[in-house]
Structure formats: C-alpha cells, structure tokens
1. Suppose only helical runs count, i.e. DSSP H with n ≥ 4. What mean residue ellipticity at 222 nm does that imply for the chain under -39500 (n - 2.57) per run, divided by all residues and rounded to the nearest 500 deg cm²/dmol?
2. From the Cα gyration tensor of the range 213-270, with a ≥ b ≥ c the square roots of its eigenvalues, which class applies: rounded if a/c is under 1.5, or else prolate if a/b is larger than b/c, or else oblate?
3. May I ask you to derive the relative contact order of the range 149-226, considering only C-alpha pairs under 8 Å and at least 6 residues apart, and to give it as an integer percent?
4. For the range 369-375, in order, what is each residue's ³J(HN,Hα) by Karplus, 6.51 cos²θ - 1.76 cosθ + 1.60 with θ = phi - 60°, in whole Hz (x at glycine and Pro)?
5. With a probe of 1.4 Å, find how much accessible area the range 19-79 has per residue, and write the answer as a whole number in Å².
6. Heavy-atom accessible area per residue, the range 82-161, 1.4 Å probe: how many Å²?
7. Keeping every protein chain present and rolling a 1.4 Å probe, give me the accessible area per residue for the range 178-318 in Å².
8. Return the sequence-ordered ³J(HN,Hα) values of the range 151-163 in whole Hz as given by the Karplus equation 6.51 cos²θ - 1.76 cosθ + 1.60 applied to θ = phi - 60°, using x for Gly and Pro.
Amino acid sequence: MKTIQDWIKEYPLINELVATKEVFWSNPKYEPFKKNGNDLPFNENDVKDAEERLKRFAPYIAKVFPETRKLNGIIESPLVPIPAMHQQLSNMCEQPIEGEFLLKCDSHLPISGSIKARGGIYEVLKHAETLALNHGLLTVNDDYSILDSEKFRNYFSQYSIAVGSTGNLGLSIGIMSTKLGFKVTVHMSADAKKWKKDLLKSKGATVIEYTGDYGEAVKEGRKQALCNPNCYFIDDENSQDLFLGYAVAASRLQKQLEDLNVIVDENHPLFVYLPCGVGGGPGGVAYGLKLIYQDCVHCFFAEPTHSPSMLLGLMTGLHDKVSVQDFGIDNVTSADGLAVGRPSGFVGPIIEPLLSGSYTVSDNRLFKLLSTLAVKENIHLEPSALAGVIGPVKLCGEKQGMEYIKIHNLKDKMKNAVHLMWATGGSMVPKEIMHEYYKKGVTLSL
C-alpha cells in the first residue's frame with residue numbers, strides 16, 4: 001500500500017495539492033479524439049435521445065414554469081461576451097490574453113438557477129416518462145402538457161425520489177420532482193447552504209441534514225432508498241442519465257456559437273473551463289463537446305484548493321478509490337457545489353482520455369473574482385461558479401499552462417481562440433447573501 005510520501009515522490013504536484021496551493025495540471029493521458037472509437041460508452045445517438053426527450057417535455061415545462069415560455073419550455077442559458085472581465089484578467093497576467101472571452105451563464109438557467117437544471121431535471125423527467133409509459137398513461141406522441149393534471153400527480157405521488165447533494169443538484173431535483181407530484185427526500189451535506197435547504201422545504205421536499213460531507217449524504221441517501229421499492233435514487237456519483245442530460249448542453253452551445261458567428265475549427269481552438277465537484281456536470285458537458293468538436297476543443301476542470309478530488313483521482317489513476325482526506329486535505333470550501341472529497345468512479349475513467357487538464361483555485365480568489373465580475377459586467381455568481389473564470393489566466397499566464405499551449409502547437413492559433421467559462425450557479429442566491437459574498441470579495445486582491 002503506497003503512503004502519501006510514495007505518491008508525492010511519483011507525482012510531485014501532489015505536494016502542492018496537500019499544501020492547498022493553486023496548481024495547473026496537464027493530463028498526460030489525453031489522447032487525440034477517435035470519432036469511431038469503440039471504447040467510448042456513449043455516442044451522438046445517445047445524446048440525441050436525451051435531447052429529444054427534453055423536447056417532448058417542453059410543452060409541460062412551459063406550462064408549469066412560466067419563466068421557460070420565451071424558449072417554449074426548453075431549459076437553456078445565455079452565452080455572453082465579457083470584454084471588461086477579459087481586460088481585467090489580462091491585467092492579472094500583465095500581458096494581453098489573446099482570443100475572445102465568453103461566459104456560459106448556467107447561473108441563470110430557469111427553474112433552479114444552476115448547471116444541475118440540466119442533468120438533475122433531465123433524470124427526473126426520464127424517470128417520470130418511464131413510469132407513465134410503462135403504466136400506459138402516456139405515449140411518446142402525446143402532448144406532454146397533460147402531465148400537469150391531478151391524474152398524473154396522484155399517480156406519481158405513489159413514488160419517491162431521493163438524492164444526496166451539496167445543494168444545487170438537490171434544488172433541481174426537488175423542484176422538478178415535487179412539481180410532478182413525487183415525494184422527494186434530499187440528503188444534504190454539512191456544507192450545503194441554509195437558504196438552499198429552506199427553499200427545498202418550501203417546495204415540499206423532505207430535507208435530511210448531515211454533519212459530514214457530500215460522500216456521507218450520498219451514502220446514507222442510497223442506503224435509505226434501498227429500503228423502499230418505490231423509491232428511485234438519483235446517484236450523482238454513477239448516473240448515466242445525469243451525464244447524458246449534461247451532454248445535451250453541447251449541441252445547444254454549438255448553435256449559440258454559430259449565432260455569434262464564432263468559428264471553432266483546427267485554427268480556431270475552443271478552450272472551455274468547467275467548475276468540477278464530483279464530476280458529472282463538467283464530465284457530461286466536456287463529453288458532449290468532444291463528440292462535436294473533437295480535437296478543436298480543449299476542456300479543463302476547475303476545483304477548489306481544498307477539494308481537488310477529481311484531480312487527485314485522475315493524477316493517481318485511482319479515481320473513486322482515493323479521497324482528498326486520504327492526503328490530509330480537509331475538503332472545507334465556500335464553493336459548496338464543489339465541496340466533494342471523492343470523485344465519481346463512473347466519470348473519471350470516461351473523461352480520462354478526453355480532458356486536457358485541471359487546475360485549482362483558492363476561496364479568496366473565488367470571492368475576489370465574484371466581486372470583480374459584478375463590478376465589471378454586472379453579472380452575479382455564487383463562489384463555486386467563479387472557478388471557471390480564472391481559467392484563461394491559468395492557461396495563458398502561468399508556466400504550466402503555457403507549456404500545454406506549446407506542446408499542443410497552439411501558440412500561433414491563440415489569437416483566434418475562444419475562451420469559454422462555464423458559470424454554474426448564482427441567480428437563485430438571496431440578495432442579502434450575494435451582497436455578503438460581494439463585500440468579502442471587495443476586501444481581497446487578485
């Protein structure tokens with residue numbers, strides 16, 4: 001059995017992770033994308049199937065969630081240029097960062113205000129559809145707005161849905177499940193914010209709180225769900241349906257980029273920076289993007305310095321067999337959506353050959369980025385969502401990132417690059433709490 005010192009000797013970067021320093025890691029197992037690779041667990045048809053299911057539910061969603069009507073029941077977020085933040089981050093590097101800066105505002109997704117409105121809501125809808133189809137209450141040719149009826153709510157009330165969450169996944173699942181009529185239990189870790197728990201309770205969900213971290217909440221939720229044959233457990237660590245729900249984001253993004261006349265090809269690389277907790281959300285999005293753009297897109301995961309679970313899993317190759325606590329890292333961070341000590345064993349091996357790299361960011365920097373983005377662009381995000389925003393600085397302004405650019409022969413293409421930061425949550429944060437975040441950020445320096 002290897003000791004911590006053995007791992008540090010083999011991977012010196014771990015020493016900096018243990019010291020909770022910010023790091024940038026290029027993935028040595030990254031491979032050129034194989035379009036017809038038989039080792040890929042999902043293909044374009046799998047993602048298309050998920051996309052078509054969301055379209056079937058669109059009439060229902062538009063009916064019961066008025067905020068989705070302008071997009072006819074499609075749950076999607078804006079893609080916006082952030083030129084003032086571009087300049088601010090270039091100042092950090094003390095040199096211009098070439099390319100265009102875009103922010104993907106999943107922070108403003110309707111219904112639950114985070115990236116979890118993709119995977120979480122999708123899996124609830126798929127489960128509801130499966131039950132209704134199997135019971136003969138629904139056909140795929142029906143207008144799904146019929147689900148907004150006492151008949152369907154009474155039917156779904158016979159069933160339960162459970163999930164373990166640090167907050168945002170629980171919100172998306174709780175809001176959608178209760179709307180359909182399911183009984184819902186959300187097992188929430190100690191780092192989940194009180195306002196998220198209160199919101200869930202106000203929607204009719206049962207919230208069970210734990211003194212431990214995300215891993216404990218998931219473990220207990222899974223165990224309790226097994227005791228009820230009518231209970232469906234949404235497993236953030238292992239769910240294929242969550243993963244595919246997130247992957248649908250890629251084709252939606254492709255259309256948005258085209259609408260902005262943004263080219264992505266061999267000479268116009270796309271760099272995507274994705275905040276990462278257990279890995280399902282960023283893993284699904286990155287997977288979908290690789291299916292579309294292949295080697296023209298470079299995806300990076302971003303984690304808090306105190307919760308670099310996916311990075312440790314990928315670096316050691318142990319995936320879910322290792323936790324940050326094994327290395328003496330405390331997994332305590334204000335980025336509650338990323339406060340995960342052990343990564344997904346399902347996502348890690350899938351994303352291993354597709355991910356360009358990972359980096360970590362301190363809580364203080366997250367808060368400073370939060371206040372800076374609010375001032376420069378009038379966009380308000382929760383702390384975890386800022387993890388992606390520092391990505392271009394890590395890639396273009398630090399030694400290890402610039403080495404990645406050199407190794408992959410990207411230096412002459414950077415002037416044509418697009419840097420896309422995925423903002424994963426924030427619009428549902430109560431104003432008074434967002435103001436406290438802002439005040440803390442103002443006192444700090446980048």
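The values are calculated or read from the model by the stated rules, or taken from the named source; none is laboratory data. Keep in mind that this is a model prediction, so the values were computed, not measured. Ligands, DNA and RNA are stripped out before the accessible areas are found, and what is left, the full protein with its side chains, is counted by its heavy atoms. Shrake-Rupley method; radii C 1.70, N 1.55, O 1.52, S 1.80 Å.
1. Numbers: 18 runs with 194 residues, N = 446.
Theoretical 222 nm ellipticity from helices: -13000 deg cm²/dmol.
2. Values: a/c = 5.02, a/b = 3.13, b/c = 1.61.
In terms of gyration-tensor shape, prolate.
3. Numbers: 145 pairs, mean separation 25.9, N = 78.
Relative contact order for the range 149-226 comes out at 33 percent.
4. 4, 4, 5, 5, 5, 4, 6
5. Details: 3360 Å² over 61 residues.
I get 55 Å² per residue for the range 19-79.
6. Values: 3100 Å² over 80 residues.
On a per-residue basis, the range 82-161 sits at 39 Å².
7. Values: 4780 Å² over 141 residues.
I get 34 Å² per residue for this part.
8. Karplus values, whole Hz, x for Gly and Pro: 4, 6, 5, 5, 5, 5, 5, 6, 10, 10, 10, 10, 7.
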